[in-house]
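One structure is given below, encoded as structure tokens.
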Amino acid sequence: MGFEQEAVSELYASVWGNRSTMQREFTRGAHGEQFVLRELSMKGTQTPSQLASALQASSGRISTVLSSLEKKGWVTRDIDSKDRRIIRVNLTDSGREQSHRMIEEMRSAICWIFSQMGERRTREFVDLVSEFTIYMSICHPGRPRPTAEQVREAFVERDKRVAEHMAAKRAEAERDQLPPAGGSLPPSLLRGDTSLVRGR
């Protein structure tokens with residue numbers, strides 16, 4: 001047995017074949033209510049077809065999810081004022097709060113795991129998972145294996161996406177650090193220390 005076959009067997013036994021409650025919650029969140037709430041929170045108003053496309057689900061599946069969210073008071077479905085054939089899905093205030101709470105709960109749990117692993121192993125893990133995910137996104141069972149050019153393009157796109165995400169996070173951190181109108185800057189910024197707002 002080559003190292004590749006052995007690694008697949010070990011991965012299945014330790015990860016895929018032994019999913020934790022957290023993994024099940026994470027997977028369910030990527031295919032249902034949590035995903036829709038997150039999508040609306042990040043992108044704003046969407047149509048059911050746009051949500052179905054993002055979720056890679058059928059219109060019937062999205063309709064079921066939206067009905068459940070609507071009953072909970074987390075979303076509204078409104079007819080477009082300019083085209084009555086179009087339905088617009090919006091988050092309510094309570095839906096926005098619920099989305100934020102779900103994200104923070106998951107983030108807190110993952111941060112605890114990383115704290116147990118330590119910084120070096122965590123950064124190695126993130127790098128390896130990112131690389132593994134890229135290969136999985138372009139390598140499909142029963143199809144020809146990706147060319148070197150396809151692999152290169154996938155990693156270029158990954159790097160661009162990560163850079164944009166981190167830039168948005170830094171901008172968000174800078175906004176959070178800004179003082180209210182008429183307020184004063186924190187002492188660290190007055191000293192020229194910008195490490196806090198750069199996320200370092």
Each residue of region 144-158 in turn: what ³J(HN,Hα) in whole Hz from Karplus with 6.51, -1.76, 1.60 and θ = phi - 60°, glycine and Pro shown as x? x, 5, x, 7, 4, 5, 5, 5, 4, 4, 5, 6, 5, 5, 4
Need one number: nm distance between label points at F132 and S41, each 7 Å from Cα along Cα→Cβ, rounded to one decimal. 2.6 nm
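For region 72-170, what percent of Cα pairs sit more than 22 Å apart?
Working: 2922 of 4851 pairs.
Tail fraction, whole percent: 60.
Apply 1/(1 + (r/R0)^6) to the Cβ-Cβ distance of R152 and S94, taking R0 = 45 Å, and write down the FRET efficiency to the nearest 0.05. Intermediate values should be presented prior to the final figure.
Details: r = 45 Å, r/R0 = 1.01.
Rounded to the nearest 0.05, the efficiency is 0.50.
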In Å, what Rg and Dmax follow from the Cα atoms of region 41-128? 17.7, 55
Modelling each spin label as a point 7 Å along the Cα-to-Cβ direction, I'd like the A167/E10 distance in nm, to one decimal. 3.9 nm
Per residue, the convex hull enclosing the Cα atoms of region 88-144 spans a volume in Å³ of 138 Å³
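Every number here is computed from the coordinates shown, using simple stated rules; none is lab data. These numbers were taken from a predicted model, which means no experiment stands behind them. Positions of Cβ are backbone-derived with ideal geometry, glycine not excepted, and every protein chain shown enters the neighbour counts.
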